[in-house]
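Please read the structure below before turning to the comments.
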Amino acid sequence: MLLYAKDMQTFCSKEESSLPTVYQSWPAEHAVERSRFIGKTYRLTDPDQLPACLADIEHQYPGANHYTWAYRIDQAQVRANDDGEPHGSAGLPMLNILSRQGWFETLVVVARYFGGIKLGRGGLVRAYQRGAQAALNATVPGVLTPVVKIRLDLDYSLYERINRSIAAHAIAESADYGANVTLSLLMTQNAWPAIQAILNQQALHHWHLQDSQEGLKVLPLSASPGEQ
């Protein structure tokens, strides 16, 4: 059985990055005066990805009267759109939340099904702010983290013990069973020395590094939405 990093906040600590983005998200809905507001977040690294994100929520919630949105990729790349609502009553309030809370590479979309009662400018601002915040609360935040992905061979006799020992430091993505056990592990760059020390101490010369690759990956700060 594969073991996974038990504490994701330890595995991916805030020391790696302090800027949250979207790791995983779910829609969040609320109603105001019979109008339905459904919000959802997406990770957005390039403005060219916007049409696909909008198409996704339009597919999930077809026929809404408005699909308002705001994104903040970084401090320089920010945009907001009211999609037919009164100017400044939807997109900008949502963008202010993203900026105030420090989200980056993040898009929030709020779809509205009009319920027949006009909310007024102030009511719209509050409703869209609530929709954006609900969407963020339904988001598992992640951080862009330097990682190392390795593949290593282990003797069968050492597999269970090593797997347990490294579980707090790495994510075991897969295990292949041949002449030896081949483990694929994902870890932060800071954790790799600790993994090497465990292997050298417990496996001595009975492990072999097949491959290692460094890169950047969004890793979760929490295991479920709404914890932060």
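What the Cβ-Cβ distance of Asp211 and Tyr156 gives, at R0 = 30 Å and to the nearest 0.05, is a FRET efficiency of 0.90.
Helix 50-60 and the longest principal axis of the Cα set of the chain meet at an angle near 80°. The fewest-to-most ranking of Phe104, Phe114 by surrounding Cβ atoms within 10 Å reads Phe114, Phe104. How much mean residue ellipticity at 222 nm does the chain get from its helices, if each DSSP H run of length 4 or more adds -39500 (n - 2.57) and you divide by all residues, to the nearest 500 deg cm²/dmol? So the helix-based figure for the chain works out to -9000 deg cm²/dmol. Distance from the Cα centre of the range 67-81 to that of the range 146-190, in angstrom? Answer, in whole Å: 40.
At an R0 of 25 angstrom, the distance between the Cβ atoms of Glu58 and Arg34 translates into a FRET efficiency of 0.70. The dipole here belongs to the range 27-137: it is taken about the Cα centre, uses +1 on the Cβ of Lys and Arg and -1 on the Cβ of Asp and Glu, and is about 500 debye. Our coupling estimate for the range 124-133, obtained by passing each phi through the Karplus curve with A = 6.51, B = -1.76, C = 1.60 and θ = phi - 60°, is 5, 4, 5, 5, 6, 4, 5, x, 5, 5 Hz, Gly and Pro reported as x. Considering only Pro62, Pro47, Pro27, the Gaussian network model of the chain with Cα springs below 10 Å gives its largest mean-square fluctuation to Pro62. Counting neighbouring beta carbons within 10 Å and listing from fewest to most, the residues Arg121, Arg72 come out as Arg121, Arg72. Site pair Gln201 and Asn65 shows an inter-label distance of 6.4 nm when each label is modelled 7 Å from Cα along Cα→Cβ. Residue by residue, the range 198-204 carries 3J(HN,Hα) couplings of 4, 5, 5, 6, 9, 10, 6 Hz when phi is fed to the Karplus relation 6.51 cos²θ - 1.76 cosθ + 1.60 (θ = phi - 60°); x denotes Gly or Pro. Evaluating 6.51 cos²θ - 1.76 cosθ + 1.60 at θ = phi - 60° for every residue in the range 188-195, the Karplus couplings come out as 5, 4, 5, 7, 4, x, 5, 5 Hz, glycine and proline recorded as x.
Bear in mind that the values in this text are calculations on the coordinates, not laboratory data. Fair warning: this is a prediction, and the values are worked out from it, not measured in the lab. Quick reminder, even Gly has a Cβ in these numbers, built from the backbone with ideal geometry, and neighbours come from all protein chains shown.
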